[in-house]
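Asker: Submitted below is the structure of interest, expressed as structure tokens.
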Amino acid sequence: MNLDAMGFVFKKGISLLLMPSGIIFVCLFFGFFIWPLKRWRNLSRTLFVVAFLVYGSAGSAPVANFLIWGLERSVQSDNSTISASDNITTVVMLCGGIFPDEDRPIADRLTPSTRLRILKVRELCRDNPTIKQLVIVGGCTRPTGCPSSEAQMSYSWLKEVGLPNNVEVFLEENSRDTEENIRAVSEIMGQVPFYLVTSAAHIPRVLLIAKDMDLKVHPVSCDFQWSQNQWSLWDLWPNPDNLRKSDFACHEYIGITWFRLKHYFNKVLNI
């Protein structure tokens, strides 16, 4: 494993540990590990309590929805800004992950976020005849390698669900995370305006990076996860679906914070 792959794994590992599920795992792991040591038993109890509180809060509907709302509140939920007068002919889609099981059908190997982004791309291309190009962005996020990139698998399923024949498709299969995705898009698109399709909660981080690279992005969001339903007492009971939603939101907040810190220190060092 080369240094670049090691750095990528380290960054991803730190991100996983800072998310609610990662905090719960670390607290439980070390809590059970040091429990036999009497002198550390109070610390072990504290770790168990922290794990309980994190799961109880991050796994509840109000907390999970609040975290997602903080990301999705400024995102348009429709395509009212899309019109033929924009003279935009290219759509860029950022992939949202795949599962490694090679024996599954293609649709089952795509994460729900990726599938929803593909369906939004199909809708966008079908309803806007001015669109002539589609760029699918996403390489392999596994250090050990993948038989197929996220972009290739997404394109395979997109062909199954249907894509207008007049749309030419390009695949970018080398980028591994959001920052690398946008850097690759910058090299492909330059200063040409384009629609960018991704999950609604992912839009703020994408726009932050795209603005830094001076790209002319017109975001098209999908995969909305914020629920506006009135909550009951049952929603306070934690469940894995809400924990997953909290993890997703925290992953975005961590990415935004990391990018801003890196941008700040780069600016200071350049001075």
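Bear in mind that the values in this text are calculations on the coordinates, not laboratory data. Predicted model, so just to flag it, every value in this text is computed and none were measured. Using ideal geometry, Cβ is built from the backbone for each residue, glycine included, and neighbour counts are taken over all protein chains shown.
Asker: Taking only complete DSSP H runs, can you tell me which helices of the chain stretch 18 Å or more along their own long axis by Cα positions and average at least 0.5 on the Kyte-Doolittle scale?
Answerer: On the way: long enough: 3-18 (23 Å, 1.27); 20-34 (21 Å, 2.32); 41-58 (25 Å, 0.93); 112-127 (23 Å, -0.59); 240-270 (44 Å, -0.57).
Span-like helices in the chain: 3-18, 20-34, 41-58.
Asker: Amide H neighbours of LEU110 under 5 Å, counting only residues 5+ apart in sequence or on other chains, H built in-plane at 1.01 Å?
Answerer: For LEU110, whose amide H was placed from the backbone, the distant partners under 5 Å are PHE99.
Asker: Build a GNM of the chain with springs between Cα atoms under 10 Å: which of GLY13, GLY70, GLY139 gets the top mean-square fluctuation?
Answerer: Of the options given, GLY13 has the highest mean-square fluctuation.
Asker: What are the principal axis extents of the Cα atoms in the chain, in Å, biggest first?
Answerer: Taking max minus min along each principal axis of the Cα atoms, the chain gives 70, 49, 47 Å.
Asker: Sticking with this one: For ARG45 and PHE30 in one chain, what is 0.36 nm times their gap in residues minus the Cα-Cα distance, to one decimal in nm? Don't skip to the answer; put the middle values down first.
Answerer: Values: separation 15, 0.36 × 15 = 5.40 nm, distance 1.04 nm.
Stretched out fully, the ARG45 to PHE30 stretch lengthens by 4.4 nm.
Asker: What are the aspartates and glutamates whose alpha-carbon lies under 15 Å from the alpha-carbon of LYS245, with same-chain residues fewer than 8 places away excluded?
Answerer: Straight-distance partners of LYS245: GLU72, ASP223, ASP235.
Asker: Still on this structure, please answer the following. ³J(HN,Hα) across region 94-110 via Karplus (A = 6.51, B = -1.76, C = 1.60, θ = phi - 60°), whole Hz, x for Gly/Pro?
Answerer: 3J(HN,Hα) across region 94-110, in whole Hz: 8, 6, x, x, 9, 9, x, 5, 7, 7, 6, x, 4, 4, 6, 8, 8.
Asker: With the cut-off at 1.5 for a/c, could you classify region 163-271 from its C-alpha gyration tensor as rounded, prolate or oblate?
Answerer: Because a/c hits 1.5 or more and a/b fails to exceed b/c, region 163-271 counts as oblate.
Asker: Same structure, new question: Please enumerate, by chain and number, the aspartates and glutamates with C-alpha under 18 Å from the C-alpha of LYS12, excluding those fewer than 8 residues away in the same chain.
Answerer: Reachable aspartates and glutamates: ASP4, GLU150, ASP177, GLU179, GLU180, ASP247, GLU252.
Asker: List the pairs from LYS159/LYS262; LYS11/LYS159; LYS216/LYS262 whose alpha-carbon separation is above 30 Å, in the order I gave them.
Answerer: In this structure, LYS159/LYS262; LYS11/LYS159 exceed 30 Å between Cα atoms.
Asker: While we're on this one: Mind checking which aspartates and glutamates have their C-alpha under 14 Å from LYS267, skipping anything on the same chain fewer than 8 residues away?
Answerer: Result set, ordered by chain and number: ASP212.
Asker: Also, quick follow-up: Can you pull out the cysteines in the chain that have no other Cys Cβ under 4.7 Å?
Answerer: CYS27, CYS95, CYS125, CYS222, CYS250
Asker: Also, I was wondering about something else. Given the DSSP H assignment, sum -39500 (n - 2.57) over each helix run of at least 4 residues in the chain and divide by its residue total; what's the result at 222 nm in deg cm²/dmol, nearest 500? Mind showing how you got there, number by number?
Answerer: Working: 10 runs with 146 residues, N = 271.
Result for the chain, helices only: -17500 deg cm²/dmol.
Asker: Which residues' amide hydrogens lie under 5 Å from the amide hydrogen of VAL169, considering only partners 5 or more residues apart or on another chain, with H built in the peptide plane?
Answerer: It is LEU134, by chain and number.
Asker: Right, another one. Do you know the relative contact order of the chain, to the nearest whole percent, from alpha carbon pairs under 8 angstrom that are 6+ apart? Show your work: numbers first, answer last.
Answerer: Numbers: 384 pairs, mean separation 70.2, N = 271.
RCO, the chain: 26 percent.
Asker: Where does each of 151-160, 46-55 land if you order them by average Cβ count within 10 Å, highest first?
Answerer: Details: 151-160: 19.5, 46-55: 16.6.
Per-residue Cβ counts within 10 Å, averaged per peptide and sorted highest first, yield 151-160, 46-55.
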